[in-house]
Amino acid sequence: MDNRPIGFLDSGVGGLTVVRELMRQLPHEEVIYIGDSARAPYGPRPAEQIASYTWELVNFLLTKDVKMIVIACNTATAVVWEEIKEKLSIPVLGVILPGSSAAIKSTRNGKIGVIGTPMTIKSDIYRQKIEMLSPDMTVTSLSCPKFAPIVESNEITSSVAKKIVYETLAPLKGKVDTLVLGCTHYPLLSPIIQNVMGPEVKLIDSGAETVRDVSVLLNYFQINRSRELESKHQFFTTAGVASFKEIAQEWLGSTITVSHVDLEKSEENDV
Ligand code: DGL
């Protein structure tokens, strides 16, 4: 047993899609979340910068004495998961392998689509992992640079969002039976994505799949949290608290405490 919290990080609000799943699947676990909305999106940034920002978030989580870290961001996972995993003595999970194996299980015709940020798609990591696990698959990847900014600015129900999703996904329509949402921001857009792709296409939420792996690791290392304790989740953002809180509360369906953190000064302000 280990009653310490689990740390989650993302470039912004996207990792909340993973946290929502954690709260559903493992409600007795406690969460420390940091979203770097001040510097989102990460997707168009160079790899070195993504790596250094992600390390700053990891180091922040380590000051909170977390027992495990979930890199709830595909872009950061693509660039720096291996390195972080090697260097830390606690378990570190990324979101890409779980999403890849779920896609393989789901497809009937072997045609898998992957959508993600420019960096995730450029890294070609989903194709590599999927083909490594199952060489017969055909993977079609598509970069969707406009999706994460729509989510960060909480415009997910706007008509502009619908138009952008419709136009961006047009090349994939009718070509795949399974679509990996290879960015943790995208489940917030999944009603529109499903509508555009059609009901027969199965959407894979990489974050939700990751929580199944969190559960396996907690059991394997015997570091589950006591079911008798109450959870006091803490959320941190590098940008404005109000917008983060609005998106988070709507998505998580509960009232939460959010604090602003300045990573350069290591200052926290409760709001
Ligand atoms: N949520 C992130 C991901 O899963 C990144 C979005 C971004 O900052 O570009 O890739």
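Just so you know, all these numbers are worked out from the coordinates, no wet-lab data involved. Since the model is a prediction, treat every value here as computed from it, not as a measurement. Every residue, glycine as well, gets a Cβ built from its backbone with ideal geometry; the counts of neighbours run over all protein chains shown.
Output the residue which, of all residues in the stretch 124-142 that are farther than 20 Å from G174 by Cβ and assigned to a loop (DSSP other than H, G, I, E, B), is nearest to the ligand (Cβ to nearest atom).
Taking the candidates together, the pick is D124.
One residue is enough: does the stretch 140-153 have a residue meeting the conditions hydrophobic (A, V, I, L, M, F, W, C), closer than 19 Å to N109 by Cα and touching a Phe, Trp or Tyr at 6+ places or on another chain (Cβ under 7 Å)?
No: the stretch 140-153 contains no residue that is hydrophobic (A, V, I, L, M, F, W, C), closer than 19 Å to N109 by Cα and touching a Phe, Trp or Tyr at 6+ places or on another chain (Cβ under 7 Å).
I'd like the residue in the stretch 63-100 that is of a type in the set (S, T, N, Q) and over 18 Å from P187 (Cα atoms) and, out of all such residues, is nearest to the ligand (Cβ to nearest atom).
Of all residues in the stretch 63-100, those of a type in the set (S, T, N, Q) come to 63, 74-75, 77, 89, 100.
Applying the additional criterion that residues be over 18 Å from P187 (Cα atoms) yields 63, 89.
Working: T63: 22, S89: 25 Å.
The qualifying residue nearest to the ligand (Cβ to nearest atom) is T63.
Suppose we filter P145, P149 for residues that are within 12 Å of the ligand (Cβ to nearest atom), in a loop (DSSP other than H, G, I, E, B) and surrounded by fewer than 21 Cβ atoms within 10 Å (Cβ to Cβ); which single one remains? Working first, answer last.
Values: P149 fails: in a loop (DSSP other than H, G, I, E, B).
So the residue among P145, P149 that is within 12 Å of the ligand (Cβ to nearest atom), in a loop (DSSP other than H, G, I, E, B) and surrounded by fewer than 21 Cβ atoms within 10 Å (Cβ to Cβ) is P145.
Going by the structure shown, is V139 buried (at least 16 other Cβ atoms within 10 Å of the Cβ) and either farther than 24 Å from R20 by Cα or free of Cβ contacts under 8 Å to residues at least 24 places away in the same chain (or both)?
So V139 fits the description; yes.
Give the residue that is nearest to the ligand (Cβ to nearest atom), with candidates limited to residues of the stretch 32-57 that are hydrophobic (A, V, I, L, M, F, W, C) and over 24 Å from S100 (Cα atoms). Even if it seems obvious, please write down each step before you answer.
Filtering the stretch 32-57 down to residues hydrophobic (A, V, I, L, M, F, W, C) leaves 32, 34, 38, 40, 47, 50-51, 55, 57.
Now restrict to residues that are over 24 Å from S100 (Cα atoms): 32, 34, 38, 40, 55, 57.
Working: I32: 18, I34: 13, A38: 11, A40: 4, W55: 16, L57: 12 Å.
Filtering first and then ranking leaves A40.
Return the pair list, or none, for Cβ contacts closer than 8 Å from residues in the stretch 111-123 that are near the ligand (Cβ under 10 Å from one of its atoms) to residues that are of a type in the set (D, E, K, R), at least 6 apart or on different chains.
As it stands, the answer is M119/R45, since those pairs meet every condition given.
Quick check, is I156 β-branched (V, I, T), out of contact with any Gly (no Cβ under 9 Å at 6 or more places or on another chain), farther than 18 Å from L22 by Cα and assigned to a loop (DSSP other than H, G, I, E, B)? Full working, then the answer.
On the way: β-branched (V, I, T): yes; out of contact with any Gly (no Cβ under 9 Å at 6 or more places or on another chain): yes; farther than 18 Å from L22 by Cα: yes; assigned to a loop (DSSP other than H, G, I, E, B): yes.
So I156 passes the test.
For the stretch 172-189, how many residues meet the condition of being assigned to a strand (DSSP E or B) and near the ligand (Cβ under 10 Å from one of its atoms)?
Kept after step one, since they are assigned to a strand (DSSP E or B), are these residues of the stretch 172-189: 178-181.
This time we only want the ones that are near the ligand (Cβ under 10 Å from one of its atoms), so: 181.
The number of residues fulfilling the criteria is 1.
Do you know which residues across the stretch 82-98 are within 11 Å of V58 (Cα to Cα) and surrounded by 18 or more Cβ atoms within 10 Å (Cβ to Cβ)?
If the condition is that a residue be within 11 Å of V58 (Cα to Cα) and surrounded by 18 or more Cβ atoms within 10 Å (Cβ to Cβ), then I84, V92 are the ones that fit.
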